[in-house]
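Working notes, structure below.
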Amino acid sequence: MDTGNGDKSNADNDLYLPQTDSFWEIGKYNRVVKRCDDGNKLTTDLLSMINERAELEKSFSKMLKGWSKKWSDYVAKSSEFGSMTAAWKAIMAEADASAEVHQSVHDELENDVVPSIKAWQKTKYIKSMMHIKSTKDFDEEFKRAQKPWAKLYVKVDKYKREYHTATKNLKMAEAQENNAKLDGSIPQDQRVKVAEKVERCRKEKEAAKCKYVEALQELNRSNPKYMDDMNEVFTRCQTFEKDRLVKFREFLGATEKCLDLSPRLQSPIFQQFPHTIKNCDPDRDLSWWSDTYGATMKMNWPIFEEYSDAQRTLSRRAKGDVERENPVVVTAIRTSHNGAPTAPSASDARQSTNYVNQSPAPPIRSAHASVYSTLNTSHTSSANPFGDDDNDDDDEDNDVDNLKEKSTTNRSNYTSGTNNNGFSNLPPYPTNNIQPSYPASANPFLDDDDNVDSLSPSHQVSHQSPASTGGSSLDSSAGVPVRALYDYEAQEQDELSFKQGDIFTKLEDEDDQGWCRGRVGGRVGLYPATYVEVL
């Protein structure tokens, strides 16, 4: 503080302007009070920061899971094999584990850190009507501590301005007196008045100086008490702020502990991850591939076997994997000594699973009657699709000559056995095309001159017209009325559906596969010949 000096006065300023921005000046304690409000805002911002980090951890975990699922599905459907597949899967497993880690980080931040900060803030910064209660309390305490000293300070400032004014007036009066002495035209009485004014100003200056000095001394005497009172309030503010800093250190430490992933990466998945990558063995993978799909596979080489038609497995039309896995087994045909088919036994009838209302199994159709179908792997191991198979029919299919012979024999047997050997109530079972186990183009045992054209026409066309198969052709405009003996549901788009007892028109005779063309209502299509009778 300026103690004042008559010789060095501030005549240019009527008001006292502080030269510093000290805490001890009037009203400067407001920065300490504002720190309480700032602490509450910092706490809110800390909550926002941790919440945003928790959401980032959650989003990253979700992205990792989505990424892992996408590429896990890709690997499952890809052509990758062996230990390299395990390496791919290890990457996805690490992503899943990392996703769980980041999800646990989110859960701990949201469930532990954030609630503790909110609870502390609620008790620390209690809100009143418009302000934080602590802020209002500290502001009032600083005002009470500063009020007595502030009154004295105002008094000192007043006497200081009076003293500076008196000093200014004295100097002006002395300047007039000097001018009067130098100017001989000024009357004597006027010179006396100027001298009296100088004396009066000198006395006013001395009086103002005394008041100014006394007020300043009184202010200085109150300074210790003023400082003690202010220090007491300031110490409480410091304690209040220290508690915030300590708590923030705890909160940030808890956050750091949640974000520290090193303890979480000690799980076996992360420990085994680098070893799985290092364990990739190209030589072992190629050896496995060769044993499973390549030149080192086992082969069930064809051997000579006698023909037997006690039980044959016929491939149905291509309707998906379910029908390929469950082929129709024809067990109802019996061959007598003279070659005529006999009636099926009761056990054979129970084995049939394709009857509708006890109807016979419909004849087999092929959308594309290729000569050779795929290999039947129902009796082979997973590693070798060409393994040994004791089924006589599979071995017969590998022999093209036996195939041609059986096809001709079956057609002749079916033609001679349409009378059902005395069983008038049993519909005949038409013989179907028997297909070999692999396509003609892939058969190494066929000669160059053996091709698909050399086989019977029934192997080439799915449904031929009666004219092409030797059957008689009916007039499609008239036709023959027939009655349905059994219910039948169409299995293909070009087939007809009907119920037992329905009467409709047969347009074409039965082909060599046991199907007739007819018309039900306005729809023309195919139906099993044995499911109807001619009226």
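Over 60 Å from the mean Cα position of the chain (by Cα) and not acidic (D, E), is that true of K133?
So K133 does not fit the description; no.
So which residues in segment 58-110 are of a type in the set (S, T, N, Q), farther than 25 Å from L47 by Cβ and open to solvent by 20 Å² or more (accessible area, probe 1.4 Å)?
If the condition is that a residue be of a type in the set (S, T, N, Q), farther than 25 Å from L47 by Cβ and open to solvent by 20 Å² or more (accessible area, probe 1.4 Å), then S72, S78, S79, T85 are the ones that fit.
Consider E250 against the criteria (1) at pLDDT 90 or above; (2) open to solvent by 60 Å² or more (accessible area, probe 1.4 Å); (3) over 30 Å from L56 (Cβ atoms): it satisfies all of them except one. Which criterion is unmet?
(3)
Which count do you get for residues in segment 509-535 that are part of a strand (DSSP E or B) and either surrounded by 18 or more Cβ atoms within 10 Å (Cβ to Cβ) or in contact with a strand residue (DSSP E or B) (Cβ under 6 Å, 6 or more places away or on another chain) (or both)?
13
List every residue pair whose Cβ atoms sit under 8 Å apart, with the two residues 6 or more apart in sequence or on different chains, where the first one lies in segment 499-511 and is in contact (Cβ under 8 Å) with a residue 40 or more places away in the chain and the second, anywhere, is small (G, A, S) and surrounded by fewer than 16 Cβ atoms within 10 Å (Cβ to Cβ).
Between residues of segment 499-511 that are in contact (Cβ under 8 Å) with a residue 40 or more places away in the chain and residues that are small (G, A, S) and surrounded by fewer than 16 Cβ atoms within 10 Å (Cβ to Cβ), the close pairs are E508/S465; E508/S473; E508/S476; D509/S472; D509/S473; D511/S465.
Which of the residues spanning segment 111-122 are surrounded by 17 or more Cβ atoms within 10 Å (Cβ to Cβ) and either under 10 Å from S61 (Cβ atoms) or not β-branched (V, I, T) (or both)?
W120, Q121, listed by residue number.
Take segment 284-302 and flag every residue that is surrounded by 12 or more Cβ atoms within 10 Å (Cβ to Cβ) and closer than 16 Å to F81 by Cα.
R284, D285, L286, S287, W288, W289, S290, D291, T292, Y293
Mind counting the residues in segment 23-67 that are without any contact (Cβ under 8 Å) to a residue 60 or more places away in the chain, outside any loop (DSSP other than H, G, I, E, B) and not acidic (D, E)?
Result for segment 23-67: 15.
Can you name the number of the only condition in (1) touching a residue at least 60 places away in the same chain (Cβ under 8 Å); (2) within 60 Å of the chain's Cα centre (by Cα); (3) surrounded by 13 or more Cβ atoms within 10 Å (Cβ to Cβ) that E232 fails?
For E232, the failing item is (3).
Could you tell me whether T165 is surrounded by 15 or more Cβ atoms within 10 Å (Cβ to Cβ) and more than 60 Å from the chain's Cα centre (by Cα)?
For T165, the condition - surrounded by 15 or more Cβ atoms within 10 Å (Cβ to Cβ) and more than 60 Å from the chain's Cα centre (by Cα) - is met.
Conditions (1) in contact (Cβ under 8 Å) with a residue 60 or more places away in the chain; (2) touching an Asp or Glu at 6+ places or on another chain (Cβ under 6 Å); (3) of a type outside the set (K, R), marked per residue:
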residue: A86; (1), (2), (3): yes, no, yes
residue: A93; (1), (2), (3): yes, no, yes
residue: E100; (1), (2), (3): no, no, yes
residue: H106; (1), (2), (3): no, yes, yes
residue: N111; (1), (2), (3): no, no, yes
residue: P115; (1), (2), (3): no, no, yes
residue: R144; (1), (2), (3): yes, no, no
residue: Y153; (1), (2), (3): yes, no, yes
residue: H164; (1), (2), (3): yes, no, yes
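The values are calculated or read from the model by the stated rules, or taken from the named source; none is laboratory data. Quick caveat, the model's predicted, so the values are computed rather than measured. Cβ sites come from the backbone with ideal geometry, for glycine too, and all protein chains shown count toward neighbours. For accessibility, only protein heavy atoms count, side chains too; no ligands or nucleic acids. Shrake-Rupley method; radii C 1.70, N 1.55, O 1.52, S 1.80 Å.
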